[in-house]
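Peer 1: Dumping the structure here so I can ask a few things about it.
Here, each number is a calculation from the coordinates, and none is a lab measurement. Because the structure is predicted, anything quoted here is derived from the model rather than measured. For neighbour counting, all protein chains shown are included, and Cβ atoms are generated from backbone atoms with ideal geometry for every residue, glycine included.
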Amino acid sequence: MTHVLLATEAGLLRLDGSCSTVDVDFEGIEVVSVAALGDEVAAAVSGGGVWLRTGGSWRELGLRDATVWTVALAGADEVYAGVEPAALWRLGGRGPQELSGLAAVAGHDDWHSPWGPADLSTIVVDGDRLVVGVEIGGVAVSHDRGATWEARNGGLFDDVHVVLADGPLLYATTGMGCFVSLDEGWRWSWASDGIDRGYTLGLAWTDDAAVVGAASGPPSLWGAGGPEAAIYRSSSRGREPRWERVFDAFGGAVERNCLQARDALVVAGTTYGELLISRDAGRTFSVGRSDLPAVNAVALAG
């Protein structure tokens, strides 16, 4: 059975297929990110570091004093964590190791964010290949497990929120819409045709399409009406997707780590504590829960 894991302001929730809460870890503590792979689950706890659960027990991996934005699993007891100021760490059996080669990437000294230091907001783990996105700094790619890096930002708006990779095909959400690259990021094209909200955040792939969450702007610009968010589905998973708005009957925003898909199941969590569910690969959605704490990240386990 597939379970939905929700990293929220009040703990890590595990929900069953009927959207009922069956378990809570780190109860009463903000969990900022979660990732699942096989029987492993990684979670980042606000002010409490990164944790790994294999089977039924949790153990702390480190970074207790870091500001962690996102975690990703490589399997075999290996976790990656993106932090602020923007840097990438590998955690696991050998202890915390910063992949300091990222600091040598072209443009690194110009990385920043509206509030000061940049954050490393998204991580793709694909064997020896790592792809990261930085807000604000763009995309960087490594083919040697993080020893050396290349910036891949030609044509890309560098306020990057999420990156997905399928071979050389990359999709990215940014503060100026979605972008697509067919050559692993050397050249990017704006690909937001049909998305009528410019600030794109959460992003996931179904078998044959992409699904994206977008809002009217960053949180600092949300007015009395909130983020005015919506979910869109692409016409294809390729070079020039045409997007269709499929759901907007919810109040919160689907933030960068809050949209996940597996086969026909698509789940999204919102800043207003809503859980949005699709069982037809993102063609239609419904509100499965509206009584949750604010959701920071979503993962699918099992």
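Peer 1: Of the candidates ALA264, ALA86, ALA118, which one comes out as most mobile in a Gaussian network treatment of the chain with C-alpha springs shorter than 10 Å?
Peer 2: Between ALA264, ALA86, ALA118, it is ALA264 that shows the largest mean-square fluctuation.
Peer 1: What's the magnitude of the charge dipole for the chain around its Cα centre, counting Lys and Arg as +1 and Asp and Glu as -1 at the beta-carbon? Answer in Debye, nearest 20. Working shown, then result.
Peer 2: Numbers: 21 positive and 40 negative charges, 73 e Å.
Rounded to the nearest 20 debye, it is 340 debye.
Peer 1: Please report how far the C-alpha centroid of region 53-68 lies from that of region 105-121, rounded to the nearest whole angstrom.
Peer 2: A separation of 25 Å, based on Cα centres.
Peer 1: Would any residue of region 185-201 have its amide N under 15 Å from a label point 7 Å out along Cα→Cβ of THR67? List them or say none.
Peer 2: none
Peer 1: May I pose another question? Using a Gaussian network model of the chain with C-alpha springs under 10 Å, which one of GLY92, GLY213, GLY127 is most mobile by mean-square fluctuation?
Peer 2: Among GLY92, GLY213, GLY127, the largest mean-square fluctuation in the Gaussian network model of the chain belongs to GLY127.
Peer 1: Turning to a different aspect of this structure: Give the residue from TYR80, GLN97, LEU276 lying farthest towards the positive end of the charge dipole for the chain; charges sit on Cβ (+1 for Lys and Arg, -1 for Asp and Glu) and the dipole is referred to the Cα centre.
Peer 2: LEU276
Peer 1: Taking the Cα-to-Cβ direction at SER236 and at TRP186 and moving 7 Å from each Cα, how far apart do the two end points lie in nm?
Peer 2: 2.2
Peer 1: Among [x] 53, 43, 41; [y] 44, 44, 36; [z] 57, 54, 37, which is the computed Cα extents along the principal axes in Å?
Peer 2: Here Cα extents along the principal axes in Å agrees with entry [y].
Peer 1: Next question. Using label points projected 7 Å from each Cα along Cα→Cβ, tell me how many nm separate THR148 and SER57, to one decimal.
Peer 2: 4.2
Peer 1: Can you list the residues, at least 5 places off or on another chain, whose amide H is less than 5 Å from the amide H of THR67, using H built in the peptide plane?
Peer 2: For THR67, the qualifying residues are GLU84.
Peer 1: Top mean-square fluctuation among ASP77, ASP248, ASP128, Gaussian network model of the chain, C-alpha springs under 10 Å?
Peer 2: In the Gaussian network model the winner is ASP128.
Peer 1: In a shell of Cβ-Cβ distance under 10 Å around SER113, excluding SER113 itself, what net charge do Lys and Arg (+1) and Asp and Glu (-1) give?
Peer 2: Numbers: positive: none; negative: GLU84, ASP119, GLU135, ASP159.
That works out to -4.
Peer 1: If I model a spin label as a point 7 Å beyond the Cα along the Cα-Cβ vector, how far apart are those points for ASP128 and ALA106 in nm?
Peer 2: It is 2.3 nm.
Peer 1: Using a Förster distance of 30 Å, how high is the FRET efficiency between SER290 and ASP193, based on the Cβ-Cβ distance and rounded to 0.05?
Peer 2: Working: r = 31 Å, r/R0 = 1.04.
After rounding to 0.05, the efficiency reads 0.45.
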